[in-house]
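Below is one structure, written out as structure tokens; comments come after it.
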Amino acid sequence: MNTDKVSDQKTPAPAAEQGWTRWLPWVVLILAALYIVGAAQPPKAKGDFDYVAFGRLPMLLNGRIKPLDTVARTSLLQIAGQQKVPLEGNGPDRTWGEWDELQKADGGRGLYFRKWYQFGKRPKSLSSTPWLMEVLMRPDVADTRFVFRVHHPELLREMGLEEKGVDQSGLRFYSFNQMRPHLLSLHREKERIGKIPDAQRNPYEQSKYKLAHVLELYVQLRHSLQPNRLDLGPRAGGVPSGVADYAADLKQLARDGKQQAAAFDQFIKESGQHAGFFSTMFQHVGDRLLEQGALPAEDEALAALLVKDLTAVRDGNRERLPDMSPAEREQYQQVESALAAFLTLDPSRQAGLARHLLSVQSRYQTMDSRANLLLIPPMPDDDHTGHDHSDGHTHSWTKTGATVLTAVRTGKMPEPVTAYGAMSTAFVQGKPGDFNTAVLLYVSWLHGNGFQAALDKGRKEHYFNHTAPFARSMYLYLLALLLAAFSWLNLSRWLMRSAFYLIGLAFLIHTAGLIARMLLEGRPPVTNLYSSAVFVGWGSVLLGWILERVFRNGIGSCTAGAIGFTTLIIADHLALEGDTMEMMRAVLDTNFWLATHVTCITIGYASTFLAGFLALVYVLRGTLTRTLSAETAQSLARMVYGIVCFAMLFSFVGTVLGGIWADQSWGRFWGWDAKENGALLIVIWNALILHCRWGRLVRDRGLMNLAIFGNVVTAWSWFGVNMLGIGLHSYGFMDEAFNTLKWFGFSHILLIVVGSLPLHYWASGKELLAGPSQPSA
Amino acid sequence: MAMNNNNIIVKLFTSLKLTVALLAISLAIVFLGTMAQEPLGQKIAVERFFQSFFVDQVAMEAAYIKTVQIFGVATEPLSPERILEAKRWPVFPGGYLIGVLLLINLLSAHAQRFTFTWKKGGIFLTHIGIILLLLGQLLTDLLSQESFVHMERGDRRHFSVSFDNNELVLLSHVNAQSNRVVAIPESLLERTAEVTHPDLDGLKIRSLQHWVNAAPKSARQFVDWFSEKQTDRFNDRERRKVQLEKRGKLGKAEQAELDQLTADLPELQQRQFFAQFFARDFYIARAKEETAEELKELLEMFRKRVEEVPLSEAKANSFKPAILAMMKEWEAVAARHAVKVDGGRLGDFYKFVVPLPPALASDQRNFPAAVIEIKGATASTKWLVTCQTELTQRVDDGNKTYHISLRPARHYKEHSLSLVDLKYEKYAGTETPKNFESIVLLDDAKANVQRKVSISMNAPLRHDGLTYYQYQMNQNQLGSTSQTVLQVVRNPGWLTPYFACLIVALGLIYQFLIHLVGFARKRRST
């Protein structure tokens, strides 16, 4: 057999390849490299609005400075599970068009996305940053986008949405407008479900919780830049929930706000009421009044309207009094006293207060309490350390709402707020030139005020997001895997060599991505589950590539490709949980231990997986094809044995370093914590394999079966123990992942059964029976 | 070593087959012990699986329950009573047994089979390390002691408190400078025998009632607790009803349950309603004055309330049977939980003791309580003591005065720590903690040490055989961080795993390199 002869030769013989096929691997490599070069080009905005520049703007979320682009990507991933929002698709009668048009027919039923076979159709779509821009600045448009992914049938039935929304092979996508009527009940349900431990939630509760969570995220984004209204009540007047001219609003606030605020403060002081409580109360009043149309201009009329509305509320409350819980009663009394204080004022003062409360206080306070993005950098003059923000003065970034409320009282609006105001006005009014200028001006302001580091961070992370090195290498790994697998079918040398080159290229990109992440985070490679997947892949690919370099029989490439592809797919799914560069809890915040313990243990995982996958190659090739000769089998056994030794070393050292870390931070070397036990399982399993081998209790095939089970043990330690909801360092529950894990386990056990079949059932059985049967340890 | 090679026992204990079998069993124990951690609580799971010679049937059941649970089979959770049940029998080998067998296996194999060669030097080293590791772990289990120090700014502590053990303390003044302290371990309160001590001058103490974990309650707190229970009961059943109704298709048993719920709910709702609005005032009054005409007074008050709120007469009347039923239940519950003592600050305030399930989770502790009788020279008095409060009570016996309290057991040290400052930082805009740090003044007159030390996550303080770790930061009611909690560990064997691991790692690396070199050589020669 060609492959096996080659594998036994000391060096590959290029002479075996004849003519033009010699150049094919180079052609493959060059094509792949061109693909990478293409992907690495700096991004350019398609269309007039420079959303790329907007996406690079730095802000603070969850304790770290990042570009708006990252927020857009991670948010859209969490909400929709993908990074694009298609604007076109199929109507119920297979008509193609934009959703607005299609929705008119049949009440918006029966819509579906492009099917895979509709090759001719290229739907227009929004990428993540333009989508975020709509959410921030044009909520009325954003609310119509089909982004909320729901697939639990019972949940859909409950909301009466089964036939609405847009279908994508069973998954359904809904717009915020469709979700709005259920927002409050979902929010309440989230609180209830939140009290149930993760592991005890059923799938229905999990999807409900997830939906409520992403809706909350959307609402937070929607309140981050400007005071958009949520419009939860039935809307009669059709007042838009967005802001028509935010820049003008801010200008007016800076002009008149101070006086109105002083009047409000005066009233609060005199009446002894609680300012925040008053604002909340007026938030509801404002919502109700705005539903009936715009506010009356005359003070008298406005005051009369308010008094009427507020007394109606009070009377309604009194009626419900007997049914209230003690907590509600307390709140009720607060409302009564607040109302009484307000009703004693004369109408002109009532109207004045109402205007301040409705247009400033309650709007911006609501905005502040609901927003999640800290968009506004610390102002140069309120920072005592001078103008240097390079080390990320993360604690002093603020939300827009709070900034505006403070600014109203001083009468001076900070530049970042007005800059975002100008962007919003330009975006709403469709003036790309103005928008791009506003972004540029803001960037230069940041430059001039000591935020170079933040800008730089934003730019680099934006580029990292854009080039998506892990996704690129994932595709290359897949291609390499296929080439290597095909090389066994027709035993073609050039395919094998192409695979080898491709793995090398993909590995380079994988490494570049890993280093870029480390630089962006300022941390060792593994900091959370996501990065552990990336690193496990990296380590296994490296080992596989070295094996291929030594043995040159395609097995190393095939395994490297398979593990590289699988782990990056896993990482891709883990990214759905949110920001992958999240901040680390106090106890984990140590680069030394992350660099030693976590890296070692991850290499241990990687090599155990590699051994397992090599064993899979052995069993699958042996049972399904005739290509497994006795020599290949023997070299595979040698590889697996060596890798298991290597895995034993790293998993043991990693586990022990973990113990030492635990001794340093928790006061015990070993606490039988779930994650510790998981690591211990791998060590014990590897020790067991080696002892079986040394004791001649197993031969090659037994070794393979044990190594396959090693995959199950490792998958369990890596993911399974996180799903038990116990232990000091669990990463959180991932329900969907658990099902995958179950199937992973079952399929491996099945393969072990297959691997234990007597040799004469194997396709390669004859070769194996004929070959040397001495174990080669 | 002179051993008969053909002896079947020697063969068994030196065989690699035994090693493999033991490794496989330890794999099972580790897996099951991990699964059992949630149902049993981590501490108990570790004791039953890893720190015992055999695993008992209850622990196995817990592991089984969790295992089928993650595969989607809902099972009844284990009750704390069942977990702590005394009747337990061994069903599976435990961690200690496997550890001991592995040790024997290793030692005898080395004595019998192994002859030292450089080629096997790595394996030799590795095994020595493993032996050290196993022994070190055993040493830690046997000798290590954990306790905590709670401090606020400016506090000075020369003792730490235990997490699990409590003691009844009698403190008497000897002179202006010193007190005499007699501490009686809680375990003695679990029995009813009389306890005495030479330092107590003939005072005798007897435990009349003892609760492992309990919440003492004043009359008002007790009423609140009861009405909350009513609300919970109503909410639980309503939720169940909604759940059943939503399902649509029901089995026979489920249909019967739904019917029962539908029938019961209105009454439950009325009781809940009643409990919240009307009964409180009445029962607080009753707990104070012990009036006899309960029902009459209640209905009078009820009618008055009905007039105050817009509620129809018919609705008010329909409440009557539900109220009566609840009153009866209330009477019984109150009688069951009432404690009668002769006074003291606690007895005057707490009229009831509500037992709580024993704490299982590793971060929860028990708050025991007891009613004790103190027999002095002149009189015999009854007292309520509880760990829920740090208040002490004054007991007078003739011309002697004692201050009694039930409190977590203390470990006194020869040095002291004073909290100078503490830091609790979070990442901006999040609740994720970034840094916990306590700055303390360490004062040890004997060793002539006085220095300021910073203790933070990953940076403990080691002094006098003890290690202080930053454990928690607690916030006061105003939301500012005011209390730090340090964990104190005394573990004389803490260095063994460091050495053991170093040895094993060296051994593994050595062996791995030998294989690698051999492999490379083999390849070159082919």
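For this structure, a couple of remarks:
- For chain A, a simple Cβ point-charge model (Lys and Arg +1, Asp and Glu -1, everything else neutral) yields a dipole of about 2620 debye relative to the Cα centre.
- The simple spin-label model puts a point 7 Å past each Cα toward its Cβ; for A:Thr625 and A:Asp456 those points are separated by 5.1 nm.
- Once each of the GluC sites (Glu not before Pro) sitting in a DSSP loop with at most 11 other beta-carbon atoms within 10 Å is removed, chain B keeps B:1-289 as its longest stretch.
- Inter-chain Cβ neighbour average for residues B:30-37, partner chain, 10 Å: 6
- Cβ charges +1 (Lys, Arg) and -1 (Asp, Glu), total dipole of chain B, debye: 2340
- Seen from every direction in turn and averaged, the convex hull around the alpha carbons of chain A projects onto 39.7 nm².
- In summary, the lysines within cross-link reach of B:Lys246, defined as a Cα separation below 24 angstrom excluding same-chain residues under 8 places away, comprise A:Lys164, A:Lys190, A:Lys195, A:Lys208, A:Lys210.
- Virtual spin-label span in nm between B:Tyr412 and A:Ala763, 7 Å along Cα→Cβ: 8.0
- Take the Cα of B:Leu516, go 7 Å toward its beta carbon, and the backbone nitrogen atoms of the stretch B:115-141 under 18 Å from that spot belong to B:119-123, B:126.
- Ordering A:Tyr364, A:Ala340, A:Gly430 by Cα displacement along the dipole of the stretch A:246-449 toward the positive end leaves A:Gly430 in first place; charges were set at the Cβ atoms of Lys, Arg (+1) and Asp, Glu (-1).
- Taking the Cα centre of the stretch A:58-138 as reference, the dipole from Cβ charges on Lys and Arg (+1) and Asp and Glu (-1) amounts to some 320 debye.
- Neighbour-count ranking [beta-carbon atoms within 10 angstrom, fewest first] of A:Thr567, A:Thr437: A:Thr437, A:Thr567
- Restricting the trypsin sites (Lys or Arg not before Pro) of the stretch B:422-455 to loop positions (DSSP other than H, G, I, E, B) with no more than 14 neighbouring Cβ atoms within 10 Å leaves B:Lys446.
- Summing +1 for each Lys or Arg and -1 for each Asp or Glu among the other residues whose beta-carbon sits under 10 angstrom from that of A:Leu60 gives +3.
- Calculated FRET efficiency for the pair A:Val313/A:Arg255, C-beta based, R₀ 30 Å, to 0.05: 0.40
- Whole-Å distance, taken between Cα centres, linking the stretch A:107-169 and the stretch A:642-688: 46
- Positive-end extreme of charge dipole, the stretch A:468-583 - chosen from A:Ala468, A:Leu505, A:His573 (charges on Cβ): A:Leu505
- Under DSSP loop assignment and at most 14 Cβ neighbours within 10 Å, longest chymotrypsin sites (Phe, Trp or Tyr not before Pro)-free interval of chain A: A:120-777
- Note on A:Val27/A:Ala301: beta-carbon distance plugged into 1/(1 + (r/R0)^6) with R0 of 56 Å gives a FRET efficiency of 0.10.
- For residues of B:490-496, the mean tally of beta carbons on other chains within 10 Å: 2
- The trypsin sites (Lys or Arg not before Pro) of the stretch B:168-231 that DSSP puts in a loop, and whose beta carbon has at most 14 other beta carbons within 10 Å, are B:Arg191.
- When A:Ser75, B:Ser144, B:Ser380 are sorted by how many other C-beta atoms sit within 10 angstrom of their C-beta, beginning with the fewest, the order is B:Ser380, B:Ser144, A:Ser75.
- Pairwise label distance in nanometres, B:His158 with A:Leu441, each label 7 Å out on the Cα-Cβ vector: 7.0
- Sparsely packed trypsin sites (Lys or Arg not before Pro) within the stretch A:84-188, loop by DSSP, other Cβ within 10 Å at most 15: A:Arg94, A:Arg109, A:Lys115, A:Lys121, A:Lys124
- Peptide A:659-668 shows a mean partner chain C-beta count of 6 within 10 Å per residue C-beta.
- Ascending count of other beta-carbon atoms within 10 Å, so fewest first, for A:Asp231, A:Asp48: A:Asp48, A:Asp231
- Cβ-Cβ distance of A:Ile749 and B:Arg233, R₀ of 41 Å, FRET efficiency by 1/(1 + (r/R0)^6): the value works out to about 0.35.
Bear in mind that the values in this text are calculations on the coordinates, not laboratory data. For clarity, every value in this text was computed on a predicted model and none was experimentally measured. With ideal geometry, Cβ positions are generated from the backbone for all residues, glycine too; neighbour counts draw on all protein chains shown.
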